[in-house]
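Undergrad: Input: one structure, supplied below.
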Amino acid sequence: MGKVVGIDLGTTNSVVAVMEGGKPVTIANAEGSRTTPSVVSFTKDGERLVGQMARRQAVLNPDNTFYSVKRFIGRKYSEIPADAKRVPYTIRRDENGNTKLKCPRLDKDYAPEEISAMVLRKLIDEATRYLGEPVTEAVITVPAYFNDSQRQATRDAGKIAGIEVKRILNEPTAASLAYGLDKKQNQKILVFDLGGGTFDVSVLEVNNGLFEVRATAGDPHLGGDDFDRVIVNWLAEQFAQTEQVDLRKERQSLQRLIEAAEKAKVELSTVAATELNLPFITATADGPLHLETTLRRSHFERLSSDLLERLRLPLEQVLQDANLTPRQIDEVVLVGGATRIPAVRQLVVDFIGKEPNQSVNPDEVVAIGAAVQAAILSGELKDVLLLDVTPLSLGVETNGGITKKLIPRNTTIPVRKTDLFTTAEDNQTSVEVHVVQGERDLAEHNKSLGRFKLSGLEPLPRGTAQVDVTFDLNSDGILSVTAVDRRTGVERRVTIRGASTLEEQEVAQMLAEAEKYADRDRARKERIEKLNRAESLVTTCERQLKEMALNFGYRLTYERRKEIESYIKNLKEAIAQAEQAETGGDARLDRGQTQLQEAIYNLSRELYAEGEEDEEDLDSDLFDGLLDRIGGFASRNSSKNREKAESSRRPNTRITYDDDDDEWM
């Protein structure tokens with residue numbers, strides 16, 4: 001069985017971790033960072049970029065660069081707040097009311113699940129590279145206040161990325177696992193998780209390997225992006241007053257404002273004031289316009305006062321639900337980059353009365369906890385038991401549109417609850433069971449998860465029939481609903497897997513497209529590597545030719561040198577042709593490499609043979625080093641040349657072919 005990794009699929013950044021030697025380890029990406037921006041972009045050539053490379057070109061390509069997609073995953077278009085829709089790319093509603101992200105470059109609409117799948121695929125590829133074996137299973141974290149639709153959408157994203165999602169884990173719960181793994185004594189931990197797009201706060205009790213979630217609360221529409229947005233709005237309004245131009249209506253200007261706001265937010269975590277300079281932010285008939293201003297931390301906190309107050313309410317709620325006072329909290333763990341904002345940190349300190357724990361990295365702790373959960377599921381880690389809760393109430397709609405809650409929020413899962421219902425009209429032969437999720441008393445204000453009918457009831461006066469409705473919620477958050485008529489024994493059972501916004505055939509189609517794109521990416525990568533090898537060969541051969549002319553003098557004849565130079569020129573032309581064509585031209589490229597490799601190697605062999613005849617004039621150490629460098633480019637496709645190399649080389653010449661790394665050392 002391969003390794004199961006843990007993934008924190010974040011709004012701003014994502015992290016992948018794995019358990020190694022009993023310790024969780026975060027995996028660095030190809031760029032050398034342990035956090036990968038959750039950004040996907042499509043270039044003018046149709047190439048897909050993920051992570052830091054996508055983020056770098058966001059200003060010049062704003063309408064084809066997608067970020068903060070986690071805020072839209074699993075949500076209908078009508079469920080997305082108006083402020084969240086103010087991004088440089090286009091968000092639209094499809095014919096089913098679902099959310100789609102428009103990509104003008106490819107003339108295609110993407111579901112948020114597809115974009116998230118591309119980020120997941122990047123993380124899985126990095127884990128595969130690090131572990132040296134394919135990774136096919138993962139534990140993915142989500143905000144505790146994600147509803148069933150958002151959780152199922154996250155599962156769909158994993159499926160599209162080609163992995164099996166072993167468990168959907170709440171982010172605060174994952175953070176507590178990372179923090180409390182080595183804690184033996186009984187502790188009550190408050191996890192304050194403020195990420196890029198969501199806010200959760202949970203209270204957990206940790207005792208000798210038992211992790212029990214006592215309560216959870218939060219705000220699914222509040223995160224670090226909202227703190228960025230108050231700076232963006234302040235800058236845009238200030239600029240509009242002086243220049244009569246609204247920068248939020250121009251894609252590139254808006255993207256530059258967003259990046260500047262994020263940078264200012266980060267800087268204000270360590271300094272009292274920061275300068276914002278955006279030259280050539282836009283242009284009018286009178287010429288280019290520039291934005292230059294200063295933002296003080298105190299002003300930023302005043303701008304964010306409403307957001308800070310929204311953070312306080314879930315804090316009060318979670319302690320009330322857990323029947324605890326602030327004094328009873330033993331440790332406070334901060335999770336998410338936005339918790340570095342001084343005002344946010346001070347809010348927690350003032351409310352709980354103690355400094356947060358500094359032993360965990362807020363950017364990586366969730367992924368580490370997911371890796372711990374992955375190790376538990378795979379059997380690698382034992383003697384750890386996790387008891388999570390359902391974040392939102394589950395119930396059914398009754399007569400008059402009232403919600404009857406069967407499983408209240410903060411109920412420990414898995415759980416099974418049954419309640420008795422009856423008919424609302426005379427001679428009713430069927431009942432409709434409408435399953436909803438949420439805290440509102442009216443069903444229309446809650447999230448609809450699904451409907452089904454129980455038919456075949458006896459036509460009796462209203463209130464006479466007796467129907468048992470049972471909710472069965474397992475540890476994966478999958479809800480099964482059963483309705484049974486006591487009199488006739490008629491039964492109807494349905495499994496609600498999160499009311500996904502994607503149909504099964506859509507997921508299958510997206511999976512096929514993802515695999516097709518993966519093949520295209522691999523082919524493009526191989527082609528780039530081939531061009532890089534050819535260019536490296538040209539550069540090395542040119543350098544070695546100069547060294548040979550200086551060190552071997554008359555032994556390197558004019559004819560032999562011109563022959564090598566002609567092969568180098570031919571390979572350069574083949575490289576230029578291949579780069580322009582993007583596809584094709586490989587035959588000339590391969591032939592040019594082979595010709596140059598064989599010519600340079602044969603030359604080195606001849607020089608060596610001549611050197612042995614006049615050994616007293618030959619600097620053997622210099623020649624051995626030269627052969628080392630030249631021999632590295634001998635044709636890998638010609639076993640005959642490799643045999644010549646072995647027979648003509650001195651015993652101490654250090655040329656070794658490493659089949660595992662597929663390169664000459």
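The values are calculated or read from the model by the stated rules, or taken from the named source; none is laboratory data. What you see is a predicted model, and the numbers here were worked out from it, not measured in a lab. In this analysis, Cβ positions are derived from the backbone assuming ideal geometry, glycine residues included, and neighbour counts consider all displayed protein chains. To get the accessible areas, we keep the full protein, side chains included, count just its heavy atoms, and leave off ligands, DNA and RNA. Shrake-Rupley method; radii C 1.70, N 1.55, O 1.52, S 1.80 Å.
Undergrad: Quick check on segment 75-120: of everything there that is in contact (Cβ under 8 Å) with a residue 24 or more places away in the chain and of a type in the set (Ser, Thr, Tyr), which residue is nearest to Val165 (Cα to Cα)?
TA: The residue in question is Ser116.
Undergrad: Something else: So which residues in segment 392-429 are open to solvent by 30 Å² or more (accessible area, probe 1.4 Å) and either closer than 11 Å to Leu473 by Cβ or among the aliphatic types (A, V, I, L, M) (or both)?
TA: Ile402, Thr412, Pro414, Arg416, Lys417, Leu420, Ala424
Undergrad: Considering only segment 182-206, how many residues are buried (at least 21 other Cβ atoms within 10 Å of the Cβ) and part of a strand (DSSP E or B)?
TA: Here is the first cut: in segment 182-206, the residues buried (at least 21 other Cβ atoms within 10 Å of the Cβ) are 189-204, 206.
If we keep only those that are part of a strand (DSSP E or B) as well, we get 189-194, 199-204, 206.
Counting residues in segment 182-206 that are buried (at least 21 other Cβ atoms within 10 Å of the Cβ) and part of a strand (DSSP E or B) gives 13.
Undergrad: Further question on the same structure: Looking at the structure I just gave you, is Pro326 surrounded by 14 or more Cβ atoms within 10 Å (Cβ to Cβ), closer than 22 Å to Val201 by Cα and over 32 Å from the mean Cα position of the chain (by Cα)?
TA: Values: surrounded by 14 or more Cβ atoms within 10 Å (Cβ to Cβ): yes; closer than 22 Å to Val201 by Cα: yes; over 32 Å from the mean Cα position of the chain (by Cα): yes.
The answer is yes for Pro326.
Undergrad: Answer yes or no: is there a residue in segment 85-104 that is out of contact with any strand residue (DSSP E or B) (no Cβ under 8 Å at 6 or more places or on another chain), under 30 Å from Glu137 (Cα atoms) and either of a type in the set (D, E, K, R) or outside any helix (DSSP H, G or I) (or both).
TA: Looking through segment 85-104, none of the residues is out of contact with any strand residue (DSSP E or B) (no Cβ under 8 Å at 6 or more places or on another chain), under 30 Å from Glu137 (Cα atoms) and either of a type in the set (D, E, K, R) or outside any helix (DSSP H, G or I) (or both).
Undergrad: Any residue in segment 391-400 that is farther than 22 Å from Glu444 by Cβ, assigned to a loop (DSSP other than H, G, I, E, B) and in contact (Cβ under 8 Å) with a residue 12 or more places away in the chain? Spell out the reasoning first.
TA: First, pick out the residues of segment 391-400 that are farther than 22 Å from Glu444 by Cβ: none.
Looking for residues that are farther than 22 Å from Glu444 by Cβ, assigned to a loop (DSSP other than H, G, I, E, B) and in contact (Cβ under 8 Å) with a residue 12 or more places away in the chain, one finds none in segment 391-400, hence no.
Undergrad: Please work out if Ala175 is in contact (Cβ under 8 Å) with a residue 60 or more places away in the chain, more than 14 Å from Ile140 (Cβ to Cβ) and under 19 Å from the mean Cα position of the chain (by Cα).
TA: Values: in contact (Cβ under 8 Å) with a residue 60 or more places away in the chain: yes; more than 14 Å from Ile140 (Cβ to Cβ): yes; under 19 Å from the mean Cα position of the chain (by Cα): yes.
Yes, satisfied.
Undergrad: Let me ask something else. Show the residue pairs that are 6+ apart or on different chains and have beta-carbon atoms under 9 Å apart, the first residue being within segment 227-253 and within 16 Å of Leu276 (Cβ to Cβ), the second being among the polar types (S, T, N, Q) and open to solvent by 50 Å² or more (accessible area, probe 1.4 Å).
TA: Between residues of segment 227-253 that are within 16 Å of Leu276 (Cβ to Cβ) and residues that are among the polar types (S, T, N, Q) and open to solvent by 50 Å² or more (accessible area, probe 1.4 Å), the close pairs are Glu243/Thr284.
Undergrad: Hey, any hits in segment 161-181 for a residue that's among the basic types (Lys, Arg) and either modelled with pLDDT under 85 or assigned to a helix (DSSP H, G or I) (or both)? I'd like the intermediate steps shown before the answer.
TA: Here is the first cut: in segment 161-181, the ones among the basic types (Lys, Arg) are 166-167.
Okay, now just the ones that are also either modelled with pLDDT under 85 or assigned to a helix (DSSP H, G or I) (or both), so none.
There is no residue in segment 161-181 that is among the basic types (Lys, Arg) and either modelled with pLDDT under 85 or assigned to a helix (DSSP H, G or I) (or both).
Undergrad: Of all residues being buried (at least 21 other Cβ atoms within 10 Å of the Cβ) and aromatic (Phe, Trp, Tyr) in segment 211-248, which is farthest from Tyr145 (Cα to Cα)? Just the residue, please.
TA: Checking each candidate, the answer is Phe239.
Undergrad: Further question on the same structure: Return the residue satisfying two criteria in turn: it lies in segment 255-272 and is over 24 Å from the mean Cα position of the chain (by Cα) and open to solvent by 50 Å² or more (accessible area, probe 1.4 Å), and of such residues it is farthest from Val39 (Cα to Cα).
TA: Ala272
Undergrad: Could we say that Arg34 is basic (Lys, Arg) and free of Cβ contacts under 8 Å to residues at least 24 places away in the same chain here? Before the answer, list the steps.
TA: On the way: basic (Lys, Arg): yes; free of Cβ contacts under 8 Å to residues at least 24 places away in the same chain: no.
Criteria not met by Arg34.
Undergrad: Now for a separate question. Among the strands (runs of 3 or more DSSP E) confined wholly to segment 1-48, which include 2 or more residues that are under 15 Å from the mean Cα position of the chain (by Cα)? First the steps, then the outcome.
TA: On the way: elements: 4-8, 13-20, 23-26, 40-42.
Correct list: 4-8, 13-20, 40-42.
Undergrad: A further question follows. Sort out which residues of segment 273-315 are open to solvent by less than 30 Å² (accessible area, probe 1.4 Å), in contact (Cβ under 8 Å) with a residue 60 or more places away in the chain and not aliphatic (A, V, I, L, M), and write them in order of number.
TA: Phe300, Ser304, Pro314 - these are the residues of segment 273-315 that are open to solvent by less than 30 Å² (accessible area, probe 1.4 Å), in contact (Cβ under 8 Å) with a residue 60 or more places away in the chain and not aliphatic (A, V, I, L, M).
Results for (1) among the basic types (Lys, Arg); (2) open to solvent by less than 40 Å² (accessible area, probe 1.4 Å); (3) not in a helix (DSSP H, G or I), shown as yes or no for each residue.
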position: Leu106; (1), (2), (3): no, no, yes
position: Asp109; (1), (2), (3): no, no, yes
position: Glu114; (1), (2), (3): no, yes, no
position: Leu120; (1), (2), (3): no, yes, no
position: Leu123; (1), (2), (3): no, yes, no
position: Tyr130; (1), (2), (3): no, no, no
position: Pro134; (1), (2), (3): no, no, yes
position: Gln152; (1), (2), (3): no, yes, no
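Undergrad: Another one. Looking at (1) touching a residue at least 12 places away in the same chain (Cβ under 8 Å); (2) assigned to a helix (DSSP H, G or I); (3) surrounded by fewer than 22 Cβ atoms within 10 Å (Cβ to Cβ), can you tell me which one Ser359 breaks?
TA: Exception for Ser359: condition (2).
Undergrad: Which residue pairs have Cβ atoms closer than 7 Å, lie 6 or more positions apart in sequence or on different chains, and pair a first residue in segment 336-354 that is open to solvent by 40 Å² or more (accessible area, probe 1.4 Å) with a second residue that is of a type in the set (S, T, N, Q)?
TA: Short answer, once both residue conditions are applied: Arg340/Ser269; Arg345/Thr339.
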